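Visitor: Okay, handing you the structure first.
Read-outs: derived from the displayed coordinates by stated rules, not from any lab. Quantities reported herein were computed from a predicted structural model and do not represent experimental measurements. Here Cβ is always computed from backbone atoms with ideal geometry, including for glycine, and neighbour counts include all displayed protein chains.
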Amino acid sequence: MRNFFFLILLAFYLLSCQSPVDNSVRNITPVVDSSAYFEPRIKVIKGDIPLLTNRDSINDFLNEPFDLFKFKEKKRGANSGGGTIQEYFFSPNKEGMHYRYFLFEGSKGIRGYIGREKDKSVHRENGLEITVYKKLGKYRYKYTDPTEELIEVIATFNDFDLPELAFVGIDSASIIYQLGEPDLFTQNCLLYENENKVLILKLENSNVKWLKYVKLKMDYNILESEDLFEI
């Protein structure tokens, strides 16, 4: 019996030594992994096409989509010639001529890729064509000419050295995610415009088949043009 009373006293003693319960409410900020409940509607691989977040960024892109001089420096060379002068071409008010470059040779030869499959390169003679306005002067016969003005780019593949215009093979939903809603959709083409600079993306089965970037002559009526939407 003495042992029984001793155990009861020991139990009361242990209970009295416990810390008091804290019933107050504490402000706890939970750590939540947003990826668990949020996933972008369209996945875009970083480093391919720059994500343009506002209209000013799009306009800046259209004004100068890439550095022409630096791009040509990356290439070993290209074929060149007069080419066809389109009636919609912008002509600067200075003595010079429209001049075309094609068959650019890079580190992988005259090759490009479609979509995002850079490991599956393709060869196309018309893969990339660039028309410039070349001022008559000391750079007249030079391949690298800092005075050249970009007039037109036509691409049927993505050039490895031109990620800024790697749109060929990309689906239209991803394009709209990148650039926003187009300013015009006509002849199955997405068109983005700022002043007299336009980017045209021709669609086939919802993917970009080819692109054309053009600096147009002033006050050119896009809606009345047929050649503008062809290559």
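Visitor: Compute the relative contact order of the range 42-229 as a whole-number percentage, counting only Cα pairs closer than 8 Å that sit 6 or more residues apart in sequence.
Guide: This gives 22 percent for the range 42-229.
Visitor: Quick one: dipole size for the range 103-231, taken about the Cα centre, charges +1 on Lys/Arg Cβ and -1 on Asp/Glu Cβ, in debye to the nearest 20.
Guide: 600
Visitor: Run the reach check for Lys217 against aspartates and glutamates, Cα to Cα strictly under 15 Å, same-chain hits fewer than 8 apart removed. What comes back?
Guide: Of all the aspartates and glutamates, those that pass the test against Lys217 - Cα under 15 Å, at least 8 places apart if same chain - are Glu87, Glu149, Glu152, Glu193, Glu195, Asp227.
Visitor: Quick one: the Cα spread of the range 42-229 along its three principal axes, in angstroms, biggest first?
Guide: 49, 40, 28
Visitor: Of the cross-linked pairs Lys142/Lys202; Lys74/Lys212; Lys72/Lys134; Lys108/Lys197, which ones have a Cα-Cα span greater than 26 Å in the structure shown?
Guide: Lys142/Lys202; Lys108/Lys197
Visitor: If packing is taken as the average count of other Cβ atoms within 10 Å, what order do 208-217, 91-100, 183-192 fall into, highest mean first?
Guide: Answer by packing, highest mean first, reads 208-217, 183-192, 91-100.
Visitor: Do any GluC sites (Glu not before Pro) in the range 116-147 lie in a DSSP loop with no more than 12 other beta carbon atoms within 10 Å, and if so, which?
Guide: For GluC sites (Glu not before Pro) across the range 116-147 that sit outside H, G, I, E and B with at most 12 neighbouring Cβ atoms in 10 Å, the list reads Glu117, Glu125.
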